[in-house]
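The values are calculated or read from the model by the stated rules, or taken from the named source; none is laboratory data. Values in this document were obtained by computation on a predicted structure and should not be read as measured data. Methodologically, a virtual Cβ is constructed for each residue, glycine included, from the backbone with ideal geometry; neighbour enumeration extends over all protein chains shown.
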């Protein structure tokens with residue numbers, strides 16, 4: 001078979017979920033251009049799995065939470081397509097990004113695709129954070145070996161020299177839609193980040209936390225001008241800074257049982 005009649009590579013879009021009934025419909029609908037939508041759920045107690053199934057996704061439930069990397073590896077175990085794209089439940093693939101992803105599958109060489117985020121917090125796009133570089137999302141399945149890490153998990157590929165492409169169209173990232181959601185994420189990502197730093201042998205403390213929070217807030221609110229987005233821009237920078245502070249505080253005050261405090 002020549003290249004003109006060669007079957008187009010297949011695409012799986014993989015989503016991790018845990019109690020995402022308010023977001024999952026929007027996310028899955030943006031992924032319906034794929035050949036397969038694969039949802040790995042961590043034991044949701046709401047209607048997440050029911051809604052995902054009704055929208056045509058294939059759902060597998062693994063309630064024994066062991067970290068993001070383990071759940072990603074479970075996604076890989078179920079994926080048989082040529083390419084896999086990793087989408088979070090609080091993300092939406094824009095129409096222009098859908099086209100870029102589809103076009104990339106037709107290339108004559110293999111690539112790893114990097115995405116950028118358009119942050120949408122408290123109902124408003126956050127100024128100057130529209131194209132922040134994000135992690136790799138699109139992989140040739142046969143080159144992706146596994147993921148390592150509790151949070152911000154790293155992809156391990158068999159060919160480090162593979163061509164890498166940065167998509168110009170953004171993922172829409174609905175990271176913090178209200179105060180309640182932000183407080184929930186604050187706990188989750190504080191403890192995951194603290195556990196990661198504890199594993200690396202990092203030191204914690206209130207002073208370190210204050211210094212980290214000050215640098216983080218200044219970088220986002222002043223130098224990256226999230227102040228231009230008004231109240232939502234302030235809240236976005238403030239909550240990220242709080243995460244920075246409490247990660248280092250937790251390293252000191254939760255050090256003995258930090259792993260037991262990691263929550264989904």
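I need the full set of residues from the range 74-124 which are assigned to a loop (DSSP other than H, G, I, E, B) and either out of contact with any strand residue (DSSP E or B) (no Cβ under 8 Å at 6 or more places or on another chain) or over 30 Å from residue 183 (Cβ atoms) (or both), in order please.
Initially, the range 74-124 is screened for residues assigned to a loop (DSSP other than H, G, I, E, B), giving 79-82, 89-90, 94, 106-110, 122-123.
Residues satisfying the conditions are 79, 80, 81, 82, 106, 107, 108, 109, 110, 123.
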Cross-chain or 6+ apart pairs with Cβ under 9 Å, the range 242-256 first and in the same structural domain as residue 186 (by TED's automatic domain parsing) and closer than 11 Å to residue 206 by Cβ, then at pLDDT below 90 and not in a helix (DSSP H, G or I): 248/202; 248/203; 251/202; 251/203; 252/203
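Conditions tested, residue by residue: (1) out of contact with any strand residue (DSSP E or B) (no Cβ under 6 Å at 6 or more places or on another chain); (2) farther than 27 Å from residue 29 by Cα; (3) modelled with pLDDT under 90.
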position	(1), (2), (3)
141	no, no, no
145	no, yes, no
153	no, no, yes
158	no, yes, yes
161	yes, yes, yes
171	no, no, no
180	yes, no, no
188	yes, no, yes
Residue match in the range 62-82 (condition: under 21 Å from residue 173 (Cα atoms), in contact with a helix residue (DSSP H, G or I) (Cβ under 6 Å, 6 or more places away or on another chain) and surrounded by 14 or more Cβ atoms within 10 Å (Cβ to Cβ)): no
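Counting only residues that are assigned to a loop (DSSP other than H, G, I, E, B) and free of Cβ contacts under 8 Å to residues at least 24 places away in the same chain, how many does the range 162-201 have? Show your work before the answer.
Applying the first criterion (assigned to a loop (DSSP other than H, G, I, E, B)) to the range 162-201 yields 162, 167-170, 177-178, 200-201.
In the following step, the residues that additionally are free of Cβ contacts under 8 Å to residues at least 24 places away in the same chain were identified as 200-201.
Here the count works out to 2.
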Some residue of the range 150-160 being surrounded by 16 or more Cβ atoms within 10 Å (Cβ to Cβ) and assigned to a helix (DSSP H, G or I): no
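Hey, among the residues in the range 128-139 that are within 19 Å of residue 14 (Cβ to Cβ) and surrounded by fewer than 17 Cβ atoms within 10 Å (Cβ to Cβ), which one's modelled with the lowest pLDDT?
Taking the range 128-139 and keeping what is within 19 Å of residue 14 (Cβ to Cβ), we get 134-139.
Cutting the leftovers down to surrounded by fewer than 17 Cβ atoms within 10 Å (Cβ to Cβ) gives us 134-135.
Values: 134: 63, 135: 77.
Residue satisfying both the conditions and the ranking: 134.
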